[in-house]
Amino acid sequence: MQLVVARIGRAHGIKGEVTVEVRTDEPELRLAPGAVLATDPASTGPLTIETGRVHSGRLLLRFEGVKDRTAAEALRNTLLIAEVDPEELPDEEDEYYDHQLIDLDVVTKDGVEVGRITEISHLPSQDLFIVERPDGSEVMIPFVEEIVTEIDLEEQRAVIDPPAGLIDDRAEIASSRDEA
C-alpha cells in the first residue's frame, strides 16, 4: 500500500536541498537517509533520500542525483510516496492511516446515519473527513476529538457529535443586536 508522506516545497540554498511539507507522524522512519520513495508525478522519481536535517523548524532533504538549485526547484510540489505494509498500524492508539478511515460509515452518537468517508483532506490546521451523504451531497467533518468521538475499525464506523449546523441547517445564529 502506498502512503503520501511529504510534499516537496521550494529549493533551499544552492546545493540541491529542498524544504518538505511533512505528511506523516513518523518522519524519522519514512524520510530517513537511504529511503527510496515513489513520486507523484511518477516521472520525477523514484527518489532516494541522501541527507536530511532540520533548519529553522523545517525539514530539509537532499536526494541522490539532485546537486543544484535548478534540479531541486524542478521537484517543487512533487508528492513523496512510501510503500507500507497494509497490515502495519500506527504506533499510537488514536492514530490512523487514511486507508483505514476511507469508506467508514459516519453516524451521530444517536445512531443517525450521516454518510460514508470518501476522502481525507489534510489541511495545515486540522484534517477533514469528506463525507458523502446518502443523497449524494458532501459534508466536511473536522477530524478533531470534540467532534469525532469514536473510530471503530471493527464495526467500520466513525461516531460523531456534531455541533448544530455542521451537518444540518439548524444552526443557532446569535447576535448581540438581538439583546438590545
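The values are calculated or read from the model by the stated rules, or taken from the named source; none is laboratory data. Nothing here was measured: the structure is a model prediction, and the numbers come from that model. Virtual Cβ from ideal backbone geometry, glycine too; neighbours counted across all protein chains shown. Only protein heavy atoms, including side chains, enter the accessible area calculation; ligands, DNA and RNA are left aside. Shrake-Rupley method; radii C 1.70, N 1.55, O 1.52, S 1.80 Å.
Summing Lys and Arg as +1 and Asp and Glu as -1 over all other residues whose Cβ lies under 10 Å from the Cβ of Glu113 gives a net charge of +2. A simple rule links phi to the HN-Hα coupling: the Karplus curve 6.51 cos²θ - 1.76 cosθ + 1.60 with θ = phi - 60°, which for segment 119-125 gives 7, 10, 9, 9, 9, x, 8 Hz, with x for Gly and Pro.
Relative to the current alpha-carbon distance between Glu145 and Glu83, full extension at 0.36 nm per residue lengthens the span by 19.5 nm. Each of Ala6, Leu37, Val18 was scored by the projection of its Cα onto the charge dipole of segment 1-74, and the greatest displacement toward the positive side belongs to Val18; charges sit on the C-beta of Lys, Arg, Asp and Glu.
Listed peptides 134-142, 68-76 appear in the order 68-76, 134-142 once ranked by packing, highest mean of other Cβ atoms within 10 Å at the front. Think of each Lys and Arg Cβ as +1 and each Asp and Glu Cβ as -1; about the Cα centre, that makes the dipole of the chain roughly 1680 debye. Pairs of Cα atoms in the chain fall into 10 Å distance bins, from 0 up to the last occupied one, in shares of 9, 30, 25, 20, 12, 4, 1 percent. Of the residues Val159, Val18, Val84, the one that moves most in a GNM of the chain with alpha-carbon contacts below 10 Å is Val84. A full extension of the chain between Ile102 and Arg10 corresponds to an added length of 30.1 nm, given 0.36 nm per residue minus the alpha carbon distance.
The stretch between Asp94 and Ser137, if pulled fully straight at 0.36 nm per residue, gains 12.6 nm over its current Cα-Cα span. Among Glu146, Glu154, Glu132, Glu95, the sequence by solvent-accessible area, most first, with a 1.4 Å probe is Glu154, Glu146, Glu132, Glu95. Dividing the helix sum by the residues of the chain, where each DSSP H run of 4 or more adds -39500 (n - 2.57), gives a mean residue ellipticity at 222 nm of -1000 deg cm²/dmol.
Derived scalar couplings between HN and Hα for segment 133-139 equal 7, x, 7, x, 6, 10, 9 Hz in order, rounded to whole Hz, by the Karplus curve 6.51 cos²θ - 1.76 cosθ + 1.60 (θ = phi - 60°), x for Gly and Pro.
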